[in-house]
Amino acid sequence: MRAAFVDANATLRAIAESLVAARLPSLAIAYGPADIVSEAIPALLDGAAIAWIDHTALPTDVAARCSGLTDVVFLGTGARSYMDPEALAGLGIAVHLIKGYGDTAVAEHTVALLFAAARDVATMDRAMRAGAWLRREGVQLAGKTLGLVGFGGIAAEVARIARGVGMRVISWNRTARRADGVEFVAIERLLAESDAVSLHLLLSDETRGFLSRERIASMRPGALLVNTARGALVDEDAMVDALRSGQLGHAALDVFAIEPLPPGHVLTTLANVTLSAHSAFRTPEANVRLIEAAVAHCARIVARRG
């Protein structure tokens with residue numbers, strides 16, 4: 001069977017080449033460039049049954065031109081940011097997600113952003129590189145309340161780390177959950193009580209724009225906001241207004257409504273914003289687990305097709 005890794009960066013390609021050769025030699029896999037554009041996908045696939053996709057959009061009309069495509073292995077959980085799984089299913093193309101591979105990696109990055117926001121690390125770094133000796137008074141996180149919006153594997157890891165540094169952790173989840181040391185509350189209470197809010201929801205039609213202008217206005221004045229989930233969970237214009245007014249003290253963001261973030265974007269102009277390039281899940285350990293899961297998906301597809 002043939003497959004294609006549509007947008008393979010050098011690190012993931014090296015892992016994939018090794019694991020496919022060792023575990024699934026019956027799968028012939030082609031590799032596209034990390035910066036491939038959607039319109040080039042049909043030619044790259046060239047009749048392949050399986051497409052691996054890391055971060056490239058697969059519009060439904062493009063998928064319809066991919067002759068022989070039956071399965072998409074999306075390298076993560078946020079496929080809806082890049083494709084319409086229901087529309088693809090209507091074309092006979094199944095979309096497979098990979099969960100849990102980077103829970104610890106994303107959680108550690110979330111906490112890193114939280115600390116960077118609390119102590120305004122990026123502002124001091126930029127000032128010192130420019131020759132200024134800028135001292136900033138930060139926020140001590142021990143004793144503060146962290147609100148987790150959504151409580152899956154990543155949020156559970158964030159809760160573990162945050163409790164370890166002395167934070168009180170509360171959470172809201174769409175379905176009932178229980179976790180040691182975490183109090184589950186209504187979203188209104190979470191926003192009102194939290195000194196810092198971290199987003200951990202999957203993106204769907206129901207959660208798009210979840211952190212609305214009204215909800216941002218209901219947050220504790222000066223609260224910190226961390227988003228390592230999906231940019232579209234937040235009303236970006238409302239967030240920018242809140243950062244300018246001081247309603248939000250600082251936003252630390254790994255994900256954005258448009259990615260890559262365009263040069264000169266308003267978020268790059270605000271001093272009380274810390275940015276990273278959708279890299280929370282990128283660690284060697286998470287990369288290996290990611291590709292191992294992709295190979296396992298392919299093994300099941302190959303077995304199914306006989």
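Each reported figure results from applying straightforward, stated rules to the coordinates on display, with no laboratory input. Bear in mind that the values here come from a model prediction, so they are computed numbers and not experimental data. Cβ placement follows ideal geometry from the backbone for every residue including glycine, while neighbour counts extend to all protein chains displayed.
Laid out as a table, the results:
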read-out	value
Folded to 0 to 90 degrees: helix 103-119 orientation relative to the chain principal axis, Cα	30 degrees
Built amide H within the under 5 Å cut-off of residue 169, gap 5+	146, 183
Of all DSSP beta bridges in the chain, antiparallel share, percent nearest 5	0 percent
Sparse-neighbour loop sites [trypsin sites (Lys or Arg not before Pro); the stretch 45-128; at most 16 other C-beta within 10 Å; DSSP]	65, 99
C-alpha center-to-center spacing [the stretch 1-31, the stretch 61-129] in angstrom	20 Å
Likely footprinting exposure, 240, 165, 37, fewest C-beta neighbours within 10 Å first	37, 165, 240
Distance between modelled label sites at residue 177 and residue 84, nm, 7 Å Cα→Cβ extension	3.0 nm
Likely footprinting exposure, 180, 84, fewest C-beta neighbours within 10 Å first	180, 84
Amide H contacts of residue 252 (H built 1.01 Å from N, under 5 Å, at least 5 apart or other chain)	225, 226, 227, 274
DSSP-defined antiparallel bridges as percent of all bridges, the stretch 103-275, nearest 5	5 percent
Helical mean residue ellipticity (222 nm; -39500 (n - 2.57) per DSSP H run of 4+; nearest 500) of the chain	-10500 deg cm²/dmol
Per residue Cα convex hull volume in Å³ - calculated over the stretch 103-275	115 Å³
